Amino acid sequence: MADRKRNFALEQRLRFIDFLLDHYGRLNRGALVDYFGISVPQASIDIRTYQEHAGAEQMRYDLSERCYLAEKGFKRCWP
């Protein structure tokens with residue numbers, strides 16, 4: 001049962017990442033931390049998991065903006 005809850009929670013966070021990139025074109029760890037109440041390291045893990053699932057070409061980290069930006073041609077993984 002705990003694994004199902006954990007998987008559901010992770011899926012909700014991945015959907016949120018997908019939503020932010022699609023609607024706002026950007027994402028930072030703070031958005032996940034604030035919305036879900038998770039730790040910064042967990043937010044980093046979730047972003048990495050999203051990149052592994054969706055493909056690294058979907059977004060890139062911008063050092064000057066200090067956030068992830070959706071790449072041109074971004075396509076949602078979760079409609």
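No lab work stands behind these numbers, since they all come straight from the coordinates. What you see is a predicted model; the values in this text were computed from it and never measured. Note that we place each Cβ from the backbone using ideal geometry, even for glycine, and neighbour counts take in every protein chain shown.
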If you count, for each residue, the other Cβ atoms within 10 Å and average over each peptide, how do 29-35, 17-23 line up from highest to lowest?
17-23, 29-35
Answer with one residue from LEU27, ILE38, TYR68: the one whose Cα lies farthest towards the positive end of the charge dipole of region 2-70, charges on Cβ with Lys, Arg +1 and Asp, Glu -1.
ILE38
ALA56 paired with ARG26, simple spin-label distance in nm, labels 7 Å along Cα-to-beta-carbon:
2.4 nm
Whole-number Å³ per residue for the convex hull built on Cα positions in region 2-70
83 Å³
Region 2-70: relative contact order in percent, alpha carbon pairs under 8 Å with at least 6 residues between:
33 percent
Suppose the chain between GLU71 and SER39 were pulled fully straight at 0.36 nm per residue; how much longer would it get relative to their current alpha carbon spacing?
8.9 nm
With charges set only on the Cβ (+1 for Lys and Arg, -1 for Asp and Glu), what does the dipole of region 2-70 come to about its Cα centre, in debye to the nearest 20?
220 debye
